[in-house]
């Protein structure tokens with residue numbers, strides 16, 4: 001009798017209340033799916049396929065499996081430039097993580113202060129370089145930092161720091177950091193805007209309650225605002241990682257495909273360009289270029305998966 005009552009009390013789902021599948025969903029999704037498949041999925045799959053082949057002197061391709069990857073990682077002709085580009089890419093990413101995202105966080109916190117006037121003007125001016133062409137950015141900074149006709153030397157001399165000036169773009173030890181800082185100057189507006197939007201979404205009641213309890217601005221930020229924007233900071237970090245390991249245009253604009261001096265600014269993007277298309281006396285190779293591109297994809301996937309299964313889970317647990 002009890003089982004009968006429980007069974008009768010259980011809710012019944014009326015299949016007539018379900019919304020039927022409509023063909024208009026397919027009609028609206030089909031154009032985007034087709035374009036994405038043609039221009040994103042198919043090139044990606046074909047690049048991975050091409051990385052499994054090798055081209056002989058006559059131009060014929062033969063299946064070699066993972067032979068190209070073994071060559072890329074072990075052959076001195078390929079391994080040296082590859083690992084050099086990978087190390088430079090790590091430095092390029094580290095500068096953006098430490099400098100760009102820290103400055104972006106600081107600017108976002110300042111712009112979110114209620115007492116700040118003219119925040120719209122500041123926000124626009126800081127974000128403006130992001131909308132400029134990378135060619136313009138590279139050309140302008142080459143003029144500024146030029147030891148012959150640039151204004152950097154005179155500007156430093158005017159404030160008594162003229163002895164600090166050096167041809168930073170022409171020195172192996174400083175060229176990569178200099179280009180990285182130029183990139184930071186251009187794209188610092190992106191993390192600033194993302195973090196600024198997250199700060200604006202924090203309920204005012206929490207901030208007011210902390211202020212009433214005697215917390216100052218620093219305590220409010222450290223104990224109230226920062227824990228609530230940690231997911232946004234995680235998104236900023238992974239976007240920085242993906243963007244930096246896909247970087248190419250700024251290095252190419254300032255230093256060219258050879259990424260001088262002596263490949264000091266060579267990153268995976270420029271290394272892929274020379275490998276696939278060739279440059280000067282170096283002949284291009286479609287199969288080895290596809291191998292480098294696939295290696296870049298694997299590196300990015302490892303970084304994204306490490307974030308999703310390592311950092312993201314901890315952030316969700318912290319939020320709960």
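The values are calculated or read from the model by the stated rules, or taken from the named source; none is laboratory data. These numbers were taken from a predicted model, which means no experiment stands behind them. Glycine gets a Cβ as well: all are built from the backbone with ideal geometry, and neighbour counts include every protein chain shown.
In the set 215, 290, only one residue is in a loop (DSSP other than H, G, I, E, B) and either closer than 29 Å to residue 62 by Cα or free of Cβ contacts under 8 Å to residues at least 12 places away in the same chain (or both); that residue is 215. Does region 72-90 contain at least one residue that is without any contact (Cβ under 8 Å) to a residue 40 or more places away in the chain, exposed (fewer than 14 other Cβ atoms within 10 Å of the Cβ), under 19 Å from residue 180 (Cα atoms) and over 19 Å from the mean Cα position of the chain (by Cα)? Scanning region 72-90 turns up at least one residue that is without any contact (Cβ under 8 Å) to a residue 40 or more places away in the chain, exposed (fewer than 14 other Cβ atoms within 10 Å of the Cβ), under 19 Å from residue 180 (Cα atoms) and over 19 Å from the mean Cα position of the chain (by Cα).
If I filter region 186-208 for residues that are closer than 19 Å to residue 140 by Cα and not in a helix (DSSP H, G or I), do I get at least one hit? Checked region 186-208: at least one residue is closer than 19 Å to residue 140 by Cα and not in a helix (DSSP H, G or I). All conditions but one from (1) over 23 Å from residue 123 (Cα atoms); (2) crowded, with 17+ Cβ neighbours inside 10 Å; (3) at pLDDT 90 or above apply to residue 210; the one that does not is (3). When region 165-180 is filtered for residues that are touching a residue at least 24 places away in the same chain (Cβ under 8 Å) and either at positive phi or part of a helix (DSSP H, G or I) (or both), the ones remaining, listed by number, are 169, 170, 175, 176, 177, 178, 179, 180.
The set of residues in region 48-62 being surrounded by fewer than 18 Cβ atoms within 10 Å (Cβ to Cβ) and out of contact with any strand residue (DSSP E or B) (no Cβ under 8 Å at 6 or more places or on another chain) consists of 48, 49, 57, 58, 59, 60. Give the residue that is modelled with the lowest pLDDT, with candidates limited to residues of region 213-231 that are over 19 Å from residue 313 (Cβ atoms) and crowded, with 16+ Cβ neighbours inside 10 Å. This residue is 215. Would you pick out the residues in region 264-274 that are touching a helix residue (DSSP H, G or I) at 6+ places or on another chain (Cβ under 6 Å) and free of Cβ contacts under 8 Å to residues at least 60 places away in the same chain? Of everything in region 264-274, just one residue is touching a helix residue (DSSP H, G or I) at 6+ places or on another chain (Cβ under 6 Å) and free of Cβ contacts under 8 Å to residues at least 60 places away in the same chain, namely 272. Please tell me if residue 149 is more than 29 Å from residue 218 (Cβ to Cβ), surrounded by 16 or more Cβ atoms within 10 Å (Cβ to Cβ) and touching a helix residue (DSSP H, G or I) at 6+ places or on another chain (Cβ under 9 Å). Against the criterion (more than 29 Å from residue 218 (Cβ to Cβ), surrounded by 16 or more Cβ atoms within 10 Å (Cβ to Cβ) and touching a helix residue (DSSP H, G or I) at 6+ places or on another chain (Cβ under 9 Å)), residue 149 does not qualify. Residues of region 91-120 that are under 27 Å from residue 211 (Cβ atoms), surrounded by fewer than 20 Cβ atoms within 10 Å (Cβ to Cβ) and either without any contact (Cβ under 8 Å) to a residue 60 or more places away in the chain or under 20 Å from the mean Cα position of the chain (by Cα) (or both): 102, 103, 106, 110, 114, 115, 116, 117, 118, 119, 120. Elements of the type helices (runs of 4 or more DSSP H) sitting completely within region 90-160 and holding at least 3 residues that are under 30 Å from residue 196 (Cα atoms): these cover 101-111, 119-127, 134-145. Please determine whether any residue of region 266-285 is assigned to a loop (DSSP other than H, G, I, E, B), surrounded by 14 or more Cβ atoms within 10 Å (Cβ to Cβ) and at pLDDT 95 or above. Within region 266-285 (the criterion being assigned to a loop (DSSP other than H, G, I, E, B), surrounded by 14 or more Cβ atoms within 10 Å (Cβ to Cβ) and at pLDDT 95 or above), the answer is yes, since at least one residue qualifies.
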